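Everything on this sheet refers to the single structure shown next.
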Amino acid sequence: MHEADSIATLQQIKYKKTDMGETSHILNISREYLYRLGTLALAYRLSNEAKYIDAANRALLWVCKFPDWN
């Protein structure tokens, strides 16, 4: 729950294209968001506190705005 609390207040990761290693950059972002969303979802299921589902929804909407996933 402490981890979920800290994740709920984190800034969203900005999408950026790089000349080299673009695939690596997107892969790192996707792994980070999988971790964040899994943690927030579990915290919500265990506590039923809206702050966790709200943070998960913000994260999902953020990554859905990315122009591509390579």
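The values are calculated or read from the model by the stated rules, or taken from the named source; none is laboratory data. Source: prediction; values computed, not measured. Note that each Cβ is placed from the backbone with ideal geometry, even for glycine, and that neighbours are counted across all protein chains shown. Ligands, DNA and RNA are stripped out before the accessible areas are found, and what is left, the full protein with its side chains, is counted by its heavy atoms. Shrake-Rupley method; radii C 1.70, N 1.55, O 1.52, S 1.80 Å.
Tabulated data
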{"quantity": "Subset tally (residues that are over 14 Å from residue 7 (Cβ atoms) and within 12 Å of the chain's Cα centre (by Cα)) for the range 42-62", "calculated": "1"}
{"quantity": "All helices (runs of 4 or more DSSP H) inside the chain with 1 or more residues being among the hydrophobic types (A, V, I, L, M, F, W, C) and modelled with pLDDT under 90", "calculated": "22-47"}
{"quantity": "Long-range neighbours under 8 Å by Cβ, at least six apart or interchain, first residue under 17 Å from residue 35 (Cβ atoms) and open to solvent by less than 80 Å² (accessible area, probe 1.4 Å) within the range 45-62, second of a type in the set (Val, Ile, Thr) and assigned to a helix (DSSP H, G or I)", "calculated": "55/7"}
{"quantity": "Every pair of residues 6+ apart whose Cβ atoms lie under 9 Å, when the first sits in the range 7-24 and is more than 14 Å from residue 63 (Cβ to Cβ) and open to solvent by 60 Å² or more (accessible area, probe 1.4 Å) while the second is in a helix (DSSP H, G or I) and at pLDDT 65 or above", "calculated": "9/55; 17/25"}
